[in-house]
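Trainee: So that we are looking at the same thing, I have put the structure below in structure tokens.
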Amino acid sequence: MHYAITDYVLDIVQNACEAHASTVHVQFWETMAWIDVVVRDNGRGMDPAEQVKALDPFHSEPDKHPGRKVGLGLPFLKQAAGQCGGLFELQSEPGKGTKVHFRFDRTNIDCPPVGDLEGLFFSALCMPGCRDMGIERIREGVSGLPALSYRLEKGELAGAVGGLEQVSSLILLKEYIRSQEEG
Amino acid sequence: MAKMTLDELRALRESKRKDLEKRDVEGKDIQIVVGMGTCGIAAGAKQTFDALVDQVQKNGLEGSVLIRQTGCMGLCYVEPTVEVLVPGMPTVIYGKMTADTAEELVKKHLVGHQLLDNHILDRPAADIMKK
């Protein structure tokens, strides 16, 4: 099971990239009361039967985890959001894509820690396979922290730092994300 | 840190690029691949990825190393897994590569050209046999 909410988000983004999505949009919205995340992609999508399988922890796509019989990404997320009084929604259509929307109630004692947001955005933007990734980050009404809102677009960031694989470029990307997060 | 604009980011890249061009970096085309499936993420692969970037920079190799992410490598029981490709050395998949081991990986494998014996899981024997 994942430790932090950011780990769940990265897992869903990785699923989207593996589903041959060319566009992935992530919205991470944080308030004092809840954390609301939407991950939308235009990947291969799932029909209703596949959606049921995706939420079954004892099912995994054979090519994703060779020799493994369990698939834990979405089932754990659904369970974690549910046990802290949050919500989980999965909408998907074959050939069109998938939307995963979940919310964690921060006031619930079972709510996991938020985790490393800069690390999440950094890893997500460097995920291979998806050309067009947009990340929208909103923070409002969190006591002791100023309101914050910014967008990260993979295409323009890759153009600005010269690709997203060489370490010299990745260091610049990290610095940029940190500067946005610190406001 | 003040909020950076994209133009400032481009200017920063240009100044860093000039610095890198001045250096004579040994061993071009080193590649590091971090497994970032559900299993890897749960075991801390995100932190490993981050730590590897920092350690490569600390050791002055940022101009010659590419770091990529991939899905599950099929070795879920020893996550986080990291594949390392260094020209002239056997390709290796290491297991249990938590963020703490990033420094050892960069200093020993990338700089010292020695394998991390306690973390090897796959591939080196076959490559060595070919020699």
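Trainee: Mind checking the dipole of segment B:25-130: about its Cα centre, +1 per Lys or Arg Cβ, -1 per Asp or Glu Cβ, Debye to the nearest 20?
Mentor: Around 140 debye, computed over segment B:25-130.
Trainee: Follow-up question, since we're still on this one. Using only alpha carbon positions, build the gyration tensor of chain B, then give the equivalent ellipsoid semi-axes as the square roots of 5 times its eigenvalues, largest first, whole angstrom.
Mentor: 28, 20, 11
Trainee: Leaving ligands, DNA and RNA out of it, work out the accessible area of residue A:151 with a 1.4 Å probe and give it in Å² to the nearest 10.
Mentor: 120
Trainee: Just the number please: accessible area per residue for the protein assembly as shown, 1.4 Å probe, all protein chains included, in Å².
Mentor: Heavy-atom SASA per residue in the protein assembly as shown reads 45 Å².
Trainee: Tell me whether chain A comes out rounded, prolate or oblate; compute the Cα gyration tensor, take square roots of the eigenvalues as a ≥ b ≥ c, and use a/c under 1.5 as the rounded threshold.
Mentor: oblate
Trainee: From the backbone phi of segment A:100-105, what are the Karplus-calculated ³J(HN,Hα) couplings (6.51 cos²θ - 1.76 cosθ + 1.60, θ = phi - 60°) in whole Hz, Gly and Pro given as x?
Mentor: Using θ = phi - 60°, the values come out as 10, 10, 9, 9, 10, 7 Hz.
Trainee: Which whole-Hz ³J(HN,Hα) couplings does segment A:162-167 yield from phi under the Karplus relation 6.51 cos²θ - 1.76 cosθ + 1.60, θ = phi - 60°, glycine and proline marked x?
Mentor: My calculation for segment A:162-167 gives x, x, 10, 10, 6, 4 Hz in order.
Trainee: May I ask you to rank B:50, A:36, A:132 by accessible area, largest first, using a 1.4 Å probe over the protein chains only?
Mentor: If we order B:50, A:36, A:132 from most to least accessible, we get A:132, B:50, A:36.
Trainee: Tell me the relative contact order for segment B:25-130 as a rounded percent, counting alpha carbon contacts under 8 Å between residues six or more apart.
Mentor: Normalised by residue count, the contact order of segment B:25-130 is 32 percent.
Trainee: Same structure again: I need the phi-derived Karplus couplings for segment B:29-43: 6.51 cos²θ - 1.76 cosθ + 1.60, θ = phi - 60°, integer Hz, Gly and Pro marked x.
Mentor: Listing the rounded values in order: 6, 7, 10, 10, 10, 9, x, 10, x, 3, 5, x, 4, 5, 8 Hz.
Trainee: Right, something else. Compute the Rg to Rh ratio over the protein assembly as shown from the alpha carbon atoms, using the Kirkwood formula for Rh, and round to two decimal places.
Mentor: Taking Rg over the Kirkwood Rh, I get 0.97.
Trainee: Place a label point 7 angstrom from the Cα of residue A:50 along the Cα-to-Cβ direction, then list the residues of segment A:79-104 whose backbone nitrogen is under 14 Å away.
Mentor: Under cut-off, by backbone N: A:91-99.
Trainee: Another question, then. Dipole magnitude of chain A about its Cα centre, charges +1 at Lys/Arg Cβ and -1 at Asp/Glu Cβ only, in debye to the nearest 20?
Mentor: Result for chain A is approximately 200 debye, rounded to the nearest 20.
Trainee: Moving to a separate point now. In whole percent, and with a 1.4 Å probe on the protein chains, what portion of the accessible area of segment A:5-182 is carbon and sulfur?
Mentor: Carbon with sulfur: 53 percent of the solvent-accessible area.
Trainee: Let me ask another. Name the residues whose placed amide hydrogens come within less than 5 Å of the amide hydrogen of residue A:150, ignoring near sequence neighbours (fewer than 5 apart) on the same chain.
Mentor: Long-range HN contacts for residue A:150: A:137.
Trainee: Just the number, please: buried accessible area between A and B, total of both chains, 1.4 angstrom probe, nearest 100 square angstrom.
Mentor: The buried area between A and B, both sides summed, comes to about 3600 Å².
Trainee: In square nanometres, what is the average projected area of the Cα convex hull of segment A:88-183?
Mentor: 7.9
Trainee: Using 0.36 nm per residue, how much length does the chain from residue A:131 to residue A:143 gain when fully extended, once their Cα-Cα distance is taken away?
Mentor: Result: 0.7 nm gained on full extension.
Trainee: Please determine, in degrees from 0 to 90 and to the nearest 10, the orientation of helix B:45-58 with respect to the longest principal axis defined by the Cα atoms of chain B, where the helix direction is its Cα long axis.
Mentor: Taking Cα atoms only, the helix is inclined about 60 degrees.
The values are calculated or read from the model by the stated rules, or taken from the named source; none is laboratory data. Just so you know, these numbers come straight off a predicted model, no measurement behind them. Neighbour counts run over all protein chains shown; Cβ positions are idealised from the backbone, glycine included. Areas reflect the complete protein model, heavy atoms only, side chains present, ligands, DNA and RNA absent. Shrake-Rupley method; radii C 1.70, N 1.55, O 1.52, S 1.80 Å.
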